[in-house]
Amino acid sequence: MNDETMCRLALQFLPSIGGTTVKKLLCHYGSAAAIFADKSKNSLLLKRGVPLVLSEAILQQVKEEYQWMQEQNIKICFYTDSDYPRRLKNCYDAPYLFYYQGENIFNERRMVAVVGTRAVTPYGKEVTRRLIEELQLYRVCIVSGLAYGVDTVAHEQALNSGMKTIAVMGSGFKMIYPAENKKLAMRILEDGGALVTEFPYHTKPDRQNFPQRNRIIAGLCEATVVMETAAKGGSIITAQIANSYNRDVFAVPGSIFAPASEGCNQLIRKNIAAVVTSGAEIAEMMGWDIPQQTSIQRSLFVELNEEERKVFEMIEQTSNMSIDDILVALPQYSPSKIAALLLQLELKGIIQCTPGKCYKAL
């Protein structure tokens, strides 16, 4: 375990320091190791009343956490990492660290959160299956919470449709919750998906963890779809969080006599969510087209050097990326270098310049 990894893990065990403070420290120092390396009287950590010395108790927690990570192939994604989810990073309360098993697919081009009641009805199951099956045409990654009900149906349908899916948990990796979904969790990993949590390994699925978990579900995605929910509950919280992030929120309407549809109808009535009844409607409102297979086939045979591949893969992950965003994402390259790489990619026929000096993959 190197110093940076140790310090990253140690941050979560420090007393009296929250995520917002940690991110401010990271913006100032640039790395977790640099935070602890500052031994001066003007240390920002010391000013916040946090001891500069890592206690034996904290070091022991770090060692145990790292041991579990090694044994179960658990990785961490840190706020300053280049592959930290870009949509999540734009959220004011994004976690500075989360753990994951599986693939880092957190910057997929199209990502949709699918949430709903645990006590799902046959109507809710059918709606969830149908909408996700229709979204398969648009190569969408489905994000949900691995809970009973709509979450389970969403993950299962995504897998059955050959789509990538991410499960965001409200516990540590020691306890996959609910236990009945352990097989589903393993299937997600086997099919190229990911399990995510911001909680240390031994964290139990306590009630207060789930509203906290919901902000990651909403933050990872361009849009959140509420399939079926009562007037109160986690799905309503997730929809409200997504709305606060200025993300699109959709809801499937239901009978005015059905308690399980009361929450969806309420979200629509309050203009928090737009009405949707099909995957095609979601795609239309998001401005998505169906990816052309011929374009993908052509791009597979284009020879790219390492620098061209970096730029192309970044553009491919978003529907339309401005040159300013590319420059921010790749600070190691000068503006003239980026311009030259973009020109080469255009000449090779795999990206297109759109109005506003933006670029999209073909």
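The values are calculated or read from the model by the stated rules, or taken from the named source; none is laboratory data. Just so we're clear, the structure is a prediction, and the values are computed from it rather than from any experiment. We place every Cβ from the backbone using ideal geometry, glycine too, and count neighbours over all the protein chains shown.
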Considering the stretch 193-243 alone, what residues qualify as being hydrophobic (A, V, I, L, M, F, W, C) and part of a loop (DSSP other than H, G, I, E, B)?
Phe199, Cys221, Met227, Ala230, Ala231
Hits in the stretch 92-104 (condition: in a loop (DSSP other than H, G, I, E, B) and buried (at least 20 other Cβ atoms within 10 Å of the Cβ)):
Ala94, Pro95, Tyr96
Going through Ile237, Ile282, Ile217, Ile241 one at a time, which residue ends up being in contact with a Lys or Arg (Cβ under 6 Å, 6 or more places away or on another chain) and either under 26 Å from Gly170 (Cβ atoms) or buried (at least 21 other Cβ atoms within 10 Å of the Cβ) (or both)?
Ile241
Is there a residue in the stretch 23-36 that is farther than 16 Å from Val196 by Cβ, among the polar types (S, T, N, Q), at pLDDT 85 or above and in a helix (DSSP H, G or I)?
no
Of all residues in the stretch 309-337 being over 27 Å from the mean Cα position of the chain (by Cα) and not hydroxyl-bearing (Ser, Thr, Tyr), the one that is modelled with the highest pLDDT:
Lys337
Which number in (1) surrounded by fewer than 24 Cβ atoms within 10 Å (Cβ to Cβ); (2) under 27 Å from Thr318 (Cα atoms); (3) not hydroxyl-bearing (Ser, Thr, Tyr) marks the one condition that Phe257 misses?
(2)
How many of the residues making up the stretch 117-152 are at negative phi, surrounded by 20 or more Cβ atoms within 10 Å (Cβ to Cβ) and within 19 Å of the chain's Cα centre (by Cα)?
12
Within the stretch 121-134, does at least one residue satisfy the condition of being in the same structural domain as Ala251 (by TED's automatic domain parsing), within 30 Å of Gln60 (Cα to Cα) and in a loop (DSSP other than H, G, I, E, B)?
no
